[in-house]
Amino acid sequence: MLAHATPTTIAVRVRGLSDRAIAWLFITPTIALLLAINIFPLIWAVYLSFTNFRANRPYAEVDGVGLRNYQRVLNDPDIWIAMQTTAHFVFWTILLQTVIGFALAYLIDRKFRGHAFWTTVILIPMMLSPAVVGNFWRFLYQPQIGLFNYIVSFFTGIPPSSFEMLGSVSLAPWAIIIVDTWMWTPYVMLICLAGLRSIPDYIYEAAEVDRASAWRQFWSITVPMALPFIMLAVLFRGIENFKMFDMVMLLTGGGPGSTTEVASITLKREAFESWLTGRSSAFAIILFVAVFGLANIYVKALNKVKQR
Amino acid sequence: MRKVTKALMGMSSALVLSTAIPGMAKADELTLCWAAWDPANALVELSKDFTAATGTTMKFEFVPWPNFADRILNELNSGGKLCDLLIGDSQWIGGSAENGYYVKLNDFFDKEGIKMSDFAEAAVNAYSTWPKGTPNYWALPAMGDANGWFYRKDWFAKPELQAEFKEKYGRDLGPPKSWDELKQVAEFFTGREIDGQKVYGAAIFTERASEGITMGATSALYPYGFKYEQTGGKYDMDGAVNSADAVAGLEAYKALYKCCQPPGYTDSYMGEGLDAFKSGQVAMAMNWFAFFPGLYKDEKVGGDKIGFFVNPKQKVAASTLGGQGMSVVANTDNMDGALAYIKWFAQPDVQKKWWALGGYAVHNAVLNDPSFKDSQPFAADFLVAMNQVQDFWQEPSYAILLQAMQKRLHDYVVADQGTAQEALDSLVNDWKEIFEDEGKL
């Protein structure tokens, strides 16, 4: 195919513009869009967090309340319970997804017969919409007709309708952890698989020459070299699970009681059910700062591991 | 260059037209917003007469109940123009009146000769007025409703069960008249095998996210003597909300949940309750009267198999209020058309047809008709219920008040946390804080 020269008219029109000016010409729309949909709402939320504004009373007078919204949020025991619930979910989901995801990646990396097929099968849950997964698992957990209870019953002998995964205070958090792990372990597996495949074969060959055992090779080569990838997966899943909303909403709605009410559900209730817009903005800013701060610390640790 | 200019003009004209059309006043079309349920279908049928009489095309925006409040309140708060007319929940009246979302209808009613005294007093107070007790009308009572009960009449009629129940409790097995009896009947059926299926006593509301458990539990709290305030309008909730009677009512609701709710119904509201009944899992279920016509028509559990009863009393006779009034949305571009619909809907003949189609008219011309009680198997109970209804706060801050109650009740009833006294004490504290923020305390 022949390359065409820039038409004379356009060439003439852009003549006289510096490279920098042309670059700005291209970047400006993106920056404007970014400011409009990301930065402005953030600044607006910061402003609202210092007011008593309520979105369901748009014509009411808006007064500045100083730090009162922040004070109320930080002194609200229910919000601290929601934060603890969130931390509980984040910890267990990351732990399970990392261990299982890495184990699956390690197995798939062995390139056994049919490994491509099994990789696709394992990836299926990740490809589904959380709304579909939530509804699907609600049926599975149904104590009278749900398959999950029958499987547990088959292995343990406990009658299927004698326990409720979603209605029990002690089991409901685990019901959500199981679903999230089922859905997102493949994602961790993919990242770990990329890490394992990035390790050059000659390192293992050298280890073989040195007669290093498989166990030694695993701990001295595989794990350290895949560690930055594992940490990256932990970072992605950590941020995502901190914001976990749809799955919990569909499975338990935060219940029973407030047992599974994670921070994002509390935030939704404050903002769009109680219409405490100012206070919920303060809560959102606190959450943002917490995630941003923790992610920054983590990224620094990740960089140190990569530089080793 | 001319071609480019023409193309740009064409595109911009199309853009202007495409954005302008939805907002343009169209005198020949009205949009009515409501929840998606059986009575809404009846209203579609009824409205065909309005279209025939006026030539106005009726459009309907029906939102499923779980999203109804979110969707419609967002629409009102954002100044949207989706709805010309809105059949909104009774709790919304205060906020919608104070925020200017609804048109005040007093002058219109006076001009058109529409008298609120033509409608049931409880319905007018609940669905139309704000502030309460004042003749300021923001809606026309459109759909009377209360929480009631239905039961498997065919199961109750089984001779062997009748005999067993009589021997155990010394009375006939029939619709319970008190909450104590309700629990006895529910326990009697729970765990029993009927028609080859294990059945349970009662399906009650436990839903956490919107209003379910509050609407269910207040059906026990009100009959036990629960009050929102010691003195109306004083917000003196201590000793009313958390009184010994209120505690007993909440304990009764939890006891019914613990003994007799089918497994898995820990977050259930209207739809789940209907499913439990229709699938033959429960002997009794609570739900809004609005669903009773549909249930009666149900081939599997309706007809001779179903019976209805009003919410049982305990210390007093009381029912939880449902239902809605019809308001004109202040932001409408078709004010005249919307008001014309209200005028048409308020006519006694239209109200009679509304009841006949499955809507719950609360016009006295319908309710006081001698044939009304026998017009449907649940009509007499509906009359009783509407005369004993009590409603949740209708304050502008009702949403926060409701969320607090949802949490406290679900924590106690379903999640087994604390005692009934602690739950209601905490609720009083939550509500005090809200009213303090409102400057009412």
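The values are calculated or read from the model by the stated rules, or taken from the named source; none is laboratory data. Note that the structure is predicted; figures quoted are calculated from it, not measured. Cβ coordinates were reconstructed from backbone atoms using ideal geometry, including for glycine residues, and neighbour counts include every protein chain displayed. SASA here: full protein model, heavy atoms, side chains in, ligands and nucleic acids out. Shrake-Rupley method; radii C 1.70, N 1.55, O 1.52, S 1.80 Å.
Quick notes on this one:
- Top-ranked residue in segment A:143-170 [being touching a Leu at 6+ places or on another chain (Cβ under 7 Å) and aliphatic (A, V, I, L, M); ranked as nearest to the other protein chains (Cβ to nearest Cβ)]: A:166
- Test: residue in segment B:43-52 that is surrounded by 13 or more Cβ atoms within 10 Å (Cβ to Cβ) and within 11 Å of chain A (Cβ to nearest Cβ): no
- Filter result for residue A:131 (within 14 Å of chain B (Cβ to nearest Cβ), surrounded by fewer than 18 Cβ atoms within 10 Å (Cβ to Cβ) and over 30 Å from residue B:265 (Cβ atoms)): no
- Residue tally, condition facing chain A (nearest Cβ under 9 Å) and out of contact with any Asp or Glu (no Cβ under 8 Å at 6 or more places or on another chain), over segment B:415-432: 2
- Selection from segment B:257-268 of residues that are surrounded by 24 or more Cβ atoms within 10 Å (Cβ to Cβ) and away from chain A (no Cβ under 14 Å): B:260
- Residue check for residue B:154: charged (D, E, K, R), in a helix (DSSP H, G or I) and either touching a His at 6+ places or on another chain (Cβ under 6 Å) or open to solvent by 60 Å² or more (accessible area, probe 1.4 Å) (or both): no
- Qualifying positions in segment B:372-398 - under 24 Å from residue B:223 (Cα atoms), small (Gly, Ala, Ser) and free of Cβ contacts under 8 Å to residues at least 40 places away in the same chain: B:379, B:380
- Matching residues, segment A:132-152, being assigned to a helix (DSSP H, G or I) and closer than 18 Å to residue B:198 by Cα: A:149, A:150
- Test: residue in segment B:385-394 that is assigned to a loop (DSSP other than H, G, I, E, B), within 14 Å of chain A (Cβ to nearest Cβ) and either touching a Ser or Thr at 6+ places or on another chain (Cβ under 8 Å) or open to solvent by 10 Å² or more (accessible area, probe 1.4 Å) (or both): yes
- Only residues that are away from chain B (no Cβ under 11 Å), open to solvent by less than 10 Å² (accessible area, probe 1.4 Å) and under 17 Å from residue B:406 (Cα atoms) were counted in segment A:255-279, giving 1.
- Flag for residue B:198 being within 23 Å of the chain's Cα centre (by Cα) and over 27 Å from residue A:253 (Cα atoms): no
- Hits in segment B:275-290 - residues which are assigned to a helix (DSSP H, G or I) and open to solvent by less than 20 Å² (accessible area, probe 1.4 Å): B:276, B:277, B:289, B:290
- Those residues of segment B:97-115 which are farther than 15 Å from residue B:347 by Cβ and either more than 14 Å from chain A (Cβ to nearest Cβ) or open to solvent by less than 90 Å² (accessible area, probe 1.4 Å) (or both), in sequence order: B:97, B:99, B:100, B:101, B:102, B:103, B:104, B:105, B:106, B:107, B:110, B:111
- Residue that is most open to solvent (accessible area, probe 1.4 Å) [pool: residues in segment B:417-441 that are at pLDDT 95 or above and not in a helix (DSSP H, G or I)]: B:419
- The listed residue being surrounded by 13 or more Cβ atoms within 10 Å (Cβ to Cβ), of a type in the set (A, V, I, L, M) and in contact (Cβ under 8 Å) with a residue 12 or more places away in the chain, out of A:105, A:87, A:60: A:105
- So residue B:166, is it open to solvent by 20 Å² or more (accessible area, probe 1.4 Å), over 25 Å from residue B:278 (Cβ atoms) and part of a helix (DSSP H, G or I): yes
- Tally, over segment A:54-93, of residues that are within 14 Å of chain B (Cβ to nearest Cβ), within 29 Å of the chain's Cα centre (by Cα) and among the small types (Gly, Ala, Ser): 2
- Filtering segment B:303-329 to residues that are assigned to a loop (DSSP other than H, G, I, E, B) and either surrounded by fewer than 17 Cβ atoms within 10 Å (Cβ to Cβ) or out of contact with any Ser or Thr (no Cβ under 9 Å at 6 or more places or on another chain) (or both) leaves B:315, B:316, B:317.
- Test: residue in segment A:243-254 that is away from chain B (no Cβ under 14 Å), modelled with pLDDT of 90 or more, under 30 Å from residue A:193 (Cα atoms) and assigned to a helix (DSSP H, G or I): yes
- Checked against the criterion of being crowded, with 16+ Cβ neighbours inside 10 Å, of a type in the set (Gly, Ala, Ser) and not in a strand (DSSP E or B), segment B:179-187 contains one or more residues that satisfy it.
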